[in-house]
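Visitor: Sharing a structure here in structure tokens format.
The values are calculated or read from the model by the stated rules, or taken from the named source; none is laboratory data. Nothing here was measured: the structure is a model prediction, and the numbers come from that model. No Cβ is skipped: glycine too gets one built from the backbone with ideal geometry, and neighbour counts run over all protein chains shown. For the accessible areas, the whole protein counts, side chains as well, though only heavy atoms, and no ligand, DNA or RNA atoms are used. Shrake-Rupley method; radii C 1.70, N 1.55, O 1.52, S 1.80 Å.
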Amino acid sequence: MEVVFLLWCLALTCLLEYSSGQLLVDLSRNFETSFFNTTIPDVRQFRKEYDFIVVGAGSAGCVVANRLSEVANFSVLLLEAGDQETFLSDVPLTAAVTQMTRYNWGYKSDPTENACQGLKGGVCNWPKGKGVGGTSLINYMLYTRGYKADYDRWAELGNTGWSYEDVLPYFKKSERIGIPELRNSSFHGRDGPLDVQYSRYRTKLMKGFLKAGIELGYNITDVNGEHGIGFSRVQATIRDGRRCSTGKAFIQPVMHRKNLHISLKSWVTKILIDPETKKVQGVEFVKNKKRFSVKAKKEVILSSGSIGSPQLLMLSGVGPKEDLEKLNITVLHDSKVGYNLQDHVTLNGLTFLVNETLTLNDAKLLNFQKIFEYVAQRSGPYTLPGGAEAFAFIKTPNSTFPDDLPNMEIVMGAGGISGDSMGSIRDMLGIPDAFYEKVFRSIANKEAFGMVPVLLKPKSRGRVVIKSRNPFKWPSLQPNYMDHPDDVVAMLEGIQYVLDIGKSKSLKRYGSRLHDTPFLGCENEKYGSENYYKCCLRRYGSSLQHQSGTCKMGPDSDKDAVVDPELKVYGVQGLRVADTSITPEIPAGHTNAVAIMIGEKVSDMIKSSW
């Protein structure tokens, strides 16, 4: 929080020193228009009954509330435990800082055998958004959808209506592509509310990374186009240099609809279900230390994410019988809620030094000129989404997935952890200060950049397990990262691929070389050996924060399914789940786009039902 405050104080100082009086007036007016005039009205007097109650104003919930309230005869109540966003979350580059604010639920996983052991407390940080926009308020804004084979696999598992051909129109429906060369693509939308753009800044290193892909036999592609495997510049949910959350895209434009009520700081504690008929009656929630019960005439749509949605189902009597009975929760339907947890695993800290002035670090960024460039023009390095410039979607040598489905992503950043001298990225990841001091302090102000391997198609599965009847206590979060040996093999191959990119001619021209100080706790392994990198994964392997799958979608023949292909909860009437917890298998892409698509698709399903 202190870093954000310092950033904006510097920006204000810069404006006072360098801008004309009229420019300062114009900027102040723009600020007021962009923030104060978009204050979301917080309802305080509730109707006794709404047609639809949407629980959670996250990436999917905002979409559902928008689309259902398009029907004038529908009354919609959107309940959000957090608050509305402010300018503090707007700056794309400072995503890691935003994750240290009140907009983050602050979840931490349980200890896990094969990852996170060297991080603070021996656990993984799991940032999840708390506010209108959900995790789209605090994420790195990268917009990728997954691949045709991902969704055709969903359909193959019995989920009728979820093939790639079925879901592509919903990706396009949300999107307003702001990349000129993609505007005529049949794979992109032009008229949706969600802006997808390039950053207004790029380095020479990004060009070198893309050229390295060509050296290694890949094409430069549109990651969301027909042939997504390859190397590409980052597409991100950015609007004119600012974060474009789902709150901005889907709620602010419609927040004054008379049939849409939005209630902030409203913590839902239970879904109310008639024990005899198994029909949903409404929800119970706490706001301003008062408890409310509101009825749903038609449906409740649960959009609380892959942790919140299974927890609420279990608190309400829908979940594994054995777990609920231990807590004396009345079992209304025995279901595999909380199982099938999947996530994208990553390894941070692979850092490369270069000889030229090409990269970013904290010392360079706290600079009047760069801050002024962002505040006055919404351009420059502060428009980089979390610092990410480009990525590659590739297949590793031992992948058993279809030819058109990557199992590994490589994200290239304009800087590295070495440049995080103020500690925001370290705090976000849970990297101990001792690790930074030993491994990176000596190169803190040197030119360096990072590449991060990401396991896209994990075979390991975790669980979310309820451990208390108290809705204000976290469930047990069991990631089980890299339990399956194939995941370890894939990550080792991903690391090797990062090293190969770093040694490519295109990057070698800048003097690219791996910073070879051993990771803390792995000094006893031969540097660069398989055992060394297994140690790195065990101690510092972590999460890209794409937890999914805990309310699995499947046909009624699938005994592990929690919801059917229309996202209706099995065993209960009038209740659906709409977020990434429904994914039967995690797509090979960043899950924010997937959540938005799910919100679009379920909205049409609901409209068709009523």
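Visitor: Using a 1.4 angstrom probe on heavy atoms only, work out the carbon and sulfur share of the accessible area of region 465-508 in %.
Guide: About 52 percent, which is the carbon plus sulfur part of the accessible surface.
Visitor: Run through the DSSP bridge list for region 264-392 and note the antiparallel percent, rounded to the nearest 5. Could the numbers behind the result be given before it?
Guide: On the way: 13 of 15 bridges.
Once the DSSP bridges in region 264-392 are tallied, antiparallel ones form about 85 percent.
Visitor: Right, next: Once you list every other residue whose beta carbon is under 11 Å from the beta carbon of Val488, what net charge do they have if Lys and Arg are +1 and Asp and Glu are -1?
Guide: Charge balance near Val488 sits at -2.
Visitor: Pop out the ³J(HN,Hα) list for region 281-289 in order, Karplus 6.51 cos²θ - 1.76 cosθ + 1.60 with θ = phi - 60°, rounded to Hz; leave Gly and Pro as x.
Guide: So the J values, rounded to whole Hz, are 9, x, 9, 10, 8, 10, 9, 6, 6.
Visitor: Using only the C-alpha atoms of region 274-392, find the volume of their convex hull and express it per residue in Å³.
Guide: Considering the Cα atoms of region 274-392, their hull volume per residue is 270 Å³.
Visitor: Right, here's the next one. Can you give the log10 of the normalised intensity I(q)/I(0) at q = 0.09, 0.13, 0.14, 0.17 Å⁻¹, computed with Debye over equal Cα scatterers of region 71-223?
Guide: For the requested q values the scattering log ratios are -0.47, -1.00, -1.15, -1.36.
Visitor: Taking only Cα atoms of region 99-156, what ratio of Rg to Rh do you get with Rh as the Kirkwood inverse-distance radius?
Guide: Result for region 99-156 is an Rg/Rh of 1.12.
Visitor: Give me the percent of DSSP beta bridges within the chain that run antiparallel, rounded to the nearest 5.
Guide: On the way: 53 of 79 bridges.
Beta bridges within the chain, antiparallel portion: roughly 65 percent.
Visitor: If the reach is capped at under 17 angstrom between alpha carbons, list the lysines near Lys265, excluding any in the same chain fewer than eight residues apart.
Guide: In chain and number order, the partners are Lys128, Lys130, Lys287, Lys289, Lys290, Lys473.
Visitor: Can you give the charge dipole size of the chain about its Cα centre, rounded to the nearest 20 debye, using +1 on the beta carbon of Lys and Arg and -1 on the beta carbon of Asp and Glu?
Guide: 1260 debye
Visitor: At a threshold of 8 angstrom on Cα-Cα distance, excluding pairs fewer than six apart, so keeping six or more, what relative contact order does the chain reach in percent?
Guide: Here the relative contact order equals 22 percent.
Visitor: Can you compute the equivalent ellipsoid semi-axes for region 197-348, i.e. the square root of 5 times each eigenvalue of the Cα gyration tensor, sorted largest first and rounded to whole Å?
Guide: Its equivalent ellipsoid spans semi-axes of 43, 24, 13 Å.
Visitor: Counting pairs of alpha carbon atoms under 8 Å apart in space and at least six apart in sequence, what relative contact order in percent does region 270-396 give?
Guide: Reported relative contact order: 12 percent.
Visitor: For region 514-559 and region 204-221, compute the distance between their C-alpha centroids and round to whole Å.
Guide: 25 Å
Visitor: Now a separate question. Determine the gain in length on full extension of the stretch Val71-Thr269; use 0.36 nm per residue of separation and subtract their C-alpha separation, reporting nm with one decimal.
Guide: The Val71-Thr269 span can extend by a further 68.5 nm.
Visitor: Provide the packing ranking of 319-326, 144-151, i.e. peptides ordered by the mean count of other C-beta atoms within 10 Å per residue, highest first.
Guide: Ranking, from highest mean packing down: 144-151, 319-326.
Visitor: I would also like to ask the following. Taking one equal scatterer on every alpha-carbon of region 409-480, how large is log10 of I(q)/I(0) by Debye at q = 0.23, 0.24 1/Å?
Guide: These q points yield log10 I(q)/I(0) values of -1.00, -1.04.
Visitor: Set the Förster radius R0 to 56 Å, insert the Cβ-Cβ distance between Glu156 and Val286 as r into 1/(1 + (r/R0)^6), and round the FRET efficiency to 0.05.
Guide: 0.85
Visitor: Moving on to the next point. Could you grab the Rg to Rh ratio for region 485-552? Cα atoms only, Kirkwood for Rh.
Guide: Details: Rg = 14.9 Å, Rh = 14.0 Å.
Ratio value, two decimals: 1.07.
Visitor: Would you indicate which of [x] 25.3; [y] 24.5; [z] 27.9 is the value of Kirkwood radius over Cα pairs in Å derived from the coordinates of this structure?
Guide: Here Kirkwood radius over Cα pairs in Å agrees with entry [y].
Visitor: From the backbone phi of region 508-520, what are the Karplus-calculated ³J(HN,Hα) couplings (6.51 cos²θ - 1.76 cosθ + 1.60, θ = phi - 60°) in whole Hz, Gly and Pro given as x?
Guide: 4, 4, 9, x, 4, 8, 5, 6, 10, 6, x, 5, 4
Visitor: Within 10 Å, count the other beta carbons around each residue, average over each peptide in 307-317, 468-478, 84-94, and list them highest first.
Guide: 307-317, 84-94, 468-478
Visitor: Test of understanding: express the Cα radius of gyration of region 411-550 as a ratio to 2.2 N^0.38 Å, with N the residue count.
Guide: Expressed relative to 2.2 N^0.38 Å, the Cα Rg reads 1.20.
Visitor: Output needed for region 335-479: three equivalent-ellipsoid semi-axes, defined as square roots of 5 times the C-alpha gyration tensor eigenvalues, in descending order, whole Å. The partial results should precede the final answer.
Guide: Values: eigenvalues 223, 96, 54 Å².
They are 33, 22, 16 Å, listed from largest to smallest.
Visitor: Separate question: Can you spot the aspartates and glutamates whose alpha carbon is less than 12 Å from Lys258's alpha carbon? Ignore those fewer than 8 places along the same chain.
Guide: Glu70
Visitor: A follow-up question, please. Take each of the peptides 363-372, 172-181, average the number of other beta-carbon atoms within 10 Å over its residues, and list them starting from the highest.
Guide: Those peptides, ordered most packed to least, come out 172-181, 363-372.
Visitor: Turning to a different aspect of this structure: Cut-off under 16 Å on the C-alpha distance; same-chain residues fewer than 8 positions from Lys298 excluded. Which lysines are left, in chain and number order?
Guide: Lys48, Lys278, Lys279, Lys568, Lys607
Visitor: Moving on to the next point. In µm²/s, what is D for region 346-432 at 10 °C and 1.306 mPa s, where D = kT/(6 pi eta Rh) by Stokes-Einstein and Rh is the Kirkwood radius from Cα pairs?
Guide: 104 µm²/s
Visitor: Over region 515-610, what lengths in whole Å, largest first, do the semi-axes of the equivalent ellipsoid take, defined as the square roots of 5 times the eigenvalues of the alpha-carbon gyration tensor? Mind showing how you got there, number by number?
Guide: Numbers: eigenvalues 359, 42, 16 Å².
They are 42, 14, 9 Å, listed from largest to smallest.
Visitor: Under the Karplus relation 6.51 cos²θ - 1.76 cosθ + 1.60, θ = phi - 60°, what is the ordered set of whole-Hz ³J(HN,Hα) values for region 115-124, x standing for Gly and Pro?
Guide: For region 115-124, the Karplus-derived couplings read 7, 6, 5, x, 7, 4, x, x, 9, 9 Hz, x marking Gly and Pro.
Visitor: List the chymotrypsin sites (Phe, Trp or Tyr not before Pro) within region 34-74 that fall in a DSSP loop (any state other than H, G, I, E or B) and whose Cβ has at most 15 other Cβ atoms within 10 Å.
Guide: When the chymotrypsin sites (Phe, Trp or Tyr not before Pro) of region 34-74 are filtered for loop state and at most 15 Cβ neighbours within 10 Å, Phe35 remain.
Visitor: Which shape class applies to region 447-508: rounded if a/c is under 1.5, otherwise prolate when a/b exceeds b/c and oblate if not, where a ≥ b ≥ c are the square roots of the Cα gyration tensor eigenvalues?
Guide: The shape class here is oblate.
Visitor: Once a ≥ b ≥ c are taken as the square roots of the eigenvalues of the Cα gyration tensor of region 181-286, is the result rounded (a/c under 1.5), prolate (a/b larger than b/c) or oblate (a/b not larger than b/c)? Each step should come with its number before you reach the end.
Guide: Numbers: a/c = 2.93, a/b = 2.26, b/c = 1.29.
Cα axes put region 181-286 in the prolate bin.
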